[in-house]
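Okay, so here's the structure we're looking at.
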Amino acid sequence: MNRFAALLDRLAYESGRNAKIRLMADYFATTPDPERGIALAALTGALSFANAKPGLVRALIQERADPVLFAMSYDYVGDLSETVALMWPLPEGAAPPDHAPSLSDIVHGLETLPKRALPGQLADWLDGLDDTGRWALLKLITGALRVGASARLAKTAVASLGGIAPDEVELVWPGLAPPYLDLFAWVEGRAPRPENLDPAPFRPVMLSHAIEDSDFLALDPAAFTAEWKWDGIRIQAVAGVSPEGEKIVRLYSRTGEDISPAFPDLVEALDFEGAMDGELLVVREGRVQSFNVLQQRLNRKTVTAKMLRDYPAHMRAYDLLVEAGEDLRDQPFAARRARLAALIARTAASRLDLSPLVPFASWEALAAARADPASAGAGVDAEAVEGVMLKRADSLYLPGRPKGPWWKWKRDPHTVDAVLMYAQRGHGKRSSYYSDYTFGVWTQAEGVDTLVPVGKAYFGFTDEELLAIDKFVREATVNRFGPVREVLHEPDAGLVLEVAFEGLARSTRHRSGIAMRFPRIARLRWDKPPREADRLETLEKLLGPVG
Amino acid sequence: MRPDQLLHPAQGGLYCPKGDFFIDPTRAVPRALITHGHSDHARAGHGHVLATRETLDLMAIRYGEKFAGATQAIAYGESVEIDGVRITAHPAGHVLGSAQFELSWRGCTIVASGDYKDARDPTCAMFAPVRCHVFISEATFGLPVFRHPDAAAETAKLMNSLHVFPERAHIVGAYSLGKAQRVMALLRAAGHSAPIYIHGALEKITAYYQTRGIPLGDIRLAKEAKKADFAGAVVIAPPTSITDIWSRKFPDPVTAFASGWMRVRARARQRGIELPLVISDHADWDGLTAAISATGCEEVWVTHGAEDALVHWAMTRQLRARPLHMVGYGEEENEGPPEEPPAPEATP
């Protein structure tokens, strides 16, 4: 457990993606089975415990330590698990145990131990662990363990042990279970590839490139078909039949994560057999809702009846990879699309429909449709359109992001001129730069114009622009709050940033009452005095009706 | 007699009225005893300074030869008398030259320990507890959450990171007097034989350690090295430099910080540290309580840090204890002027 805890601790501090992969790979390469497999389960979210409430942890420390010293320590550290982990004393006069419990010991214990035996066992484990081990254990059992790496990243680290593509691991993953002995044996070249016996496996997805103005010159409009690009979540719905004759339906994210448990309404409704590509949307009264509405259903492990009623999930399909056991990926898009259209025409599922094609004769005509989806066929769903997708009619379904067959042509973002108010140092390579910016727009407060923060952005600028903003921040600092600097922001002195963003949502967590989606710095407006920056009212007009 | 007739807190530091001297005064005084060379304890401008040879030398390096009107060196175990007050120096184990001062007068013994640690440190003499009536202790890490792990184990973390990221520079923030040299010695003990690069602010003090016979291996100035030299290298710099403009010339650096404060995650995160190393030159909670017990004292005075917790602990052990609420100590971190930054060679 101590070694796994040290890895978790290091992952929490490390910001670089590749560095995280290497830290995990190093751990997997130097940790024996089955310990590393249990660790992989913990890293990929396959393990979660919430056996103990904070009250139990508090009671344990009260038994061992002076309550005054505990209170002073807790006050200083500010986190219960961390305080207890750091100060946990051995019983007076006791020698430390000669054996530290492994992660496997602990996981096995938590699965089998009766509840009343937990406090005593927990104290024994705490005695045997180092402070980082105690910290990780307390976080794990109180259900508050945050892993500083995604499941995808952990699988990528495993793949790197054998120089295998991460998607290959993703393909076999659904058939595997902790402690993943067969997986490690395969990546280390000691055993054949584990067979994925899953009747509803994930297939690595095909992705598109963002199209640039200059790309169009080389492209023939007649070779392409266009569809709306929906502002939802790309999913792959897969349905098959198990050897026992049971129907299995799964929804996967684009990286292969099984997200079915969060969308039982959609899973239940799907009545085809095969693998289908499409967009997850919320549709109410025949109308696609904005991404802000969909967000209510995302990143949840479970879902309440109220959520199912208020935010019904829907799939808008745009590709068919497999139909009734027949792999269609080596057929051209036009053929797959025809099969998809026929399948959707047969389906009884009202939660499943076909993403319509957008007819066009020239790039100019398509540009016009993209600029006004409502009158180009998207109708009432136009608000959920974030651009158009271009697919060559002859394109095969190729995993990864091949350049040429598929393009995305997003709508131009919204922009706002905002004033830089606070800057914070970045992480990793950017730790010596002020690279995270909080910006605001003007509003009236008690009759006076003041700036109210409306968002935070930490990319979009070039390296030269970063240097220039960093210099400005250092010279224009008026206040310091730990790692944050407040910079000069007065009507006639300060820096105006042109911020691009994808949309706005109402927010009760922000003072301005709005939250920006995907904000980034589009341009630096050194030429513009802050008094000419935008006002909150302008942004509020962009907000749709409350929903 | 009461002990505070011999020594008591006054404006500017601990004052001995009998001998008319201060210990580690925070302002210029006619006569001062200096426990060690850190800038919050050793200031320039006193009339007369009594300290160990090393502390006097380090003050001269920091403040110039004329840092005091007159100086007098005292060795560990040596005693001098000032107006009937007998003063003996003992090792404090904090940094090179650090001393505890034992003051005796009319059968009363008070030990002012300055900053101290009871952990092994190859760069300075080991702390020795001294029997006394009153022990004056710091409490920088005076909470039971501060229990410093073995410094060799923390060094192993750094060594492991060098192994996993052989192309990245590892910039270690360390106070320029004591911690920096201890990290060098720890790395050497762990088998790291490659050159260690240093920030210019560390140059003179590190060279002085080497002249005192402390082997630190191949130490080079970072500003004289090429960018390629830093791949997989350790660079040691004052804490204020590690996440500032100075650090930009290093390839994809891993930012480490060697400090007892790194034990608390929020502290490390606040500073943008990626590799916290809990290596401290102060006693941890167990060290403080063990040192106090070992002196056999009847009374503890706590100077600076988390005084309340240590006072509470002492009272539960039936010791008289009081906080002195001394201000101006524990700020060694804000040391020295930053080195002139080199032009950044690359942007992120």
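Give B:Ala266, B:Ala258 a once-over and let me know the one that is free of Cβ contacts under 8 Å to residues at least 40 places away in the same chain, within 27 Å of A:Ser73 (Cβ to Cβ) and touching a Gly at 6+ places or on another chain (Cβ under 8 Å).
B:Ala266
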Do any residues in the range A:264-279 that are outside the structural domain of A:Gly325 (by TED's automatic domain parsing) have Cβ atoms under 8 Å from those of residues that are modelled with pLDDT of 95 or more and basic (Lys, Arg), where the two are at least six apart or on different chains, and which pairs are they? none
Just a yes or no: is a residue in the range A:473-496 away from chain B (no Cβ under 14 Å), under 30 Å from A:Ala368 (Cβ atoms) and touching a Ser or Thr at 6+ places or on another chain (Cβ under 8 Å)? no
Would you check if there is a residue in the range A:378-399 being assigned to a helix (DSSP H, G or I), free of Cβ contacts under 8 Å to residues at least 60 places away in the same chain and surrounded by 15 or more Cβ atoms within 10 Å (Cβ to Cβ)? yes
Is it fair to say A:Arg134 is of a type in the set (Lys, Arg) and either in a loop (DSSP other than H, G, I, E, B) or surrounded by fewer than 22 Cβ atoms within 10 Å (Cβ to Cβ) (or both)? no
Checking A:Gly404 against (1) within 14 Å of another protein chain (Cβ to nearest Cβ); (2) at pLDDT 90 or above; (3) not in a strand (DSSP E or B): exactly one of these is not met. Which one? (1)
Scanning for something surrounded by fewer than 21 Cβ atoms within 10 Å (Cβ to Cβ), assigned to a strand (DSSP E or B) and in contact with a Gly (Cβ under 8 Å, 6 or more places away or on another chain), does the range B:92-100 turn up at least one residue? no
Among the residues of the range A:422-451, how many are more than 9 Å from chain B (Cβ to nearest Cβ) and touching a helix residue (DSSP H, G or I) at 6+ places or on another chain (Cβ under 6 Å)? 4
Residue count for the range A:234-273, restricted to those that are in contact with an Asp or Glu (Cβ under 9 Å, 6 or more places away or on another chain) and at positive phi: 1
Just to be sure I understand, how many residues within the range A:51-104 are within 14 Å of chain B (Cβ to nearest Cβ), more than 20 Å from B:Phe141 (Cα to Cα) and in contact with a Leu (Cβ under 8 Å, 6 or more places away or on another chain)? 2
Working only within the range A:477-512, note down all residues that are outside any strand (DSSP E or B), in contact (Cβ under 8 Å) with a residue 24 or more places away in the chain and closer than 14 Å to A:Val452 by Cα. A:His489, A:Pro491, A:His510, A:Arg511, A:Ser512
Taking the range A:407-425 and keeping only residues that are β-branched (Val, Ile, Thr) and touching a Leu at 6+ places or on another chain (Cβ under 7 Å), one is left with A:Val416, A:Val419
Considering only the range A:342-370, state which residues are assigned to a helix (DSSP H, G or I), over 29 Å from the mean Cα position of the chain (by Cα) and farther than 24 Å from A:Ala237 by Cα. A:Trp363, A:Glu364, A:Ala365, A:Leu366, A:Ala367, A:Ala368, A:Ala369
Quick test of your reading of the structure: B:Gly213 fulfils all but one of (1) part of a loop (DSSP other than H, G, I, E, B); (2) over 23 Å from the mean Cα position of the chain (by Cα). Name the failing condition by number. (2)
With under 30 Å from A:Val77 (Cβ atoms) and over 16 Å from the mean Cα position of the chain (by Cα) as the only criterion, which of B:Glu154, B:Glu138, B:Glu102, B:Glu167 stands out? B:Glu154
If we scan the range B:247-259, do we find a residue that is over 29 Å from B:Thr140 (Cβ atoms), among the charged types (D, E, K, R) and buried (at least 19 other Cβ atoms within 10 Å of the Cβ)? yes
Within the range A:376-389, identify whether any single residue is of a type outside the set (Asp, Glu) and within 14 Å of chain B (Cβ to nearest Cβ), and answer yes or no. no
Does B:Thr316 satisfy the criteria of being under 24 Å from B:His90 (Cα atoms) and among the β-branched types (Val, Ile, Thr)? no
Restricting to strands (runs of 3 or more DSSP E) lying wholly in the range B:221-296: which have 2 or more residues that are touching a Phe, Trp or Tyr at 6+ places or on another chain (Cβ under 6 Å), more than 7 Å from every other protein chain (Cβ to nearest Cβ) and over 21 Å from B:Gly178 (Cβ atoms)? none
Residue list for the range A:139-181, filter: closer than 19 Å to A:Thr255 by Cβ, of a type in the set (S, T, N, Q) and assigned to a loop (DSSP other than H, G, I, E, B): A:Ser150
Taking only the range B:153-198 into account, find how many residues are within 14 Å of chain A (Cβ to nearest Cβ) and free of Cβ contacts under 8 Å to residues at least 60 places away in the same chain. 6
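Looking at A:Ala39, A:Ala19, A:Ala71, A:Ala85, can you tell me which residue is in contact with a Phe, Trp or Tyr (Cβ under 9 Å, 6 or more places away or on another chain) and closer than 30 Å to B:Met315 by Cβ?
The conditions single out A:Ala85.
How many residues does the range B:126-141 hold that are within 16 Å of B:Arg322 (Cβ to Cβ) and either out of contact with any Asp or Glu (no Cβ under 9 Å at 6 or more places or on another chain) or in a loop (DSSP other than H, G, I, E, B) (or both)?
So in the range B:126-141, the residues within 16 Å of B:Arg322 (Cβ to Cβ) come out as B:132-139.
The next check asks that each one be either out of contact with any Asp or Glu (no Cβ under 9 Å at 6 or more places or on another chain) or in a loop (DSSP other than H, G, I, E, B) (or both); those that pass are B:132-133, B:136-137.
Counting residues in the range B:126-141 that are within 16 Å of B:Arg322 (Cβ to Cβ) and either out of contact with any Asp or Glu (no Cβ under 9 Å at 6 or more places or on another chain) or in a loop (DSSP other than H, G, I, E, B) (or both) gives 4.
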Index of the failed condition, A:Leu539 passing every other in (1) hydrophobic (A, V, I, L, M, F, W, C); (2) part of a helix (DSSP H, G or I); (3) under 22 Å from B:Asp244 (Cα atoms): (3)
Run down B:Arg43, B:Arg86, B:Arg53 and say which single residue is within 26 Å of B:Met326 (Cα to Cα), basic (Lys, Arg) and surrounded by fewer than 18 Cβ atoms within 10 Å (Cβ to Cβ). B:Arg86
Suppose we keep only residues that are under 30 Å from B:Leu186 (Cβ atoms) and in a helix (DSSP H, G or I) within the range B:308-330. Which one would you say is farthest from the other protein chains (Cβ to nearest Cβ)? B:Leu310
Residues that are small (Gly, Ala, Ser), without any contact (Cβ under 8 Å) to a residue 60 or more places away in the chain and assigned to a helix (DSSP H, G or I), drawn from the range A:71-94: A:Ala71, A:Ser73, A:Ala85
Within the group A:Ile38, A:Ile21, which residue is buried (at least 18 other Cβ atoms within 10 Å of the Cβ) and either within 13 Å of chain B (Cβ to nearest Cβ) or hydroxyl-bearing (Ser, Thr, Tyr) (or both)? A:Ile21
Need at least 3 residues that are among the β-branched types (Val, Ile, Thr) per element, so show me which strands (runs of 3 or more DSSP E) inside the range A:204-307 make the cut, counting only ones lying wholly within it. A:233-241
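The values are calculated or read from the model by the stated rules, or taken from the named source; none is laboratory data. These figures come from a predicted structure and were not determined experimentally. Cβ sites come from the backbone with ideal geometry, for glycine too, and all protein chains shown count toward neighbours.
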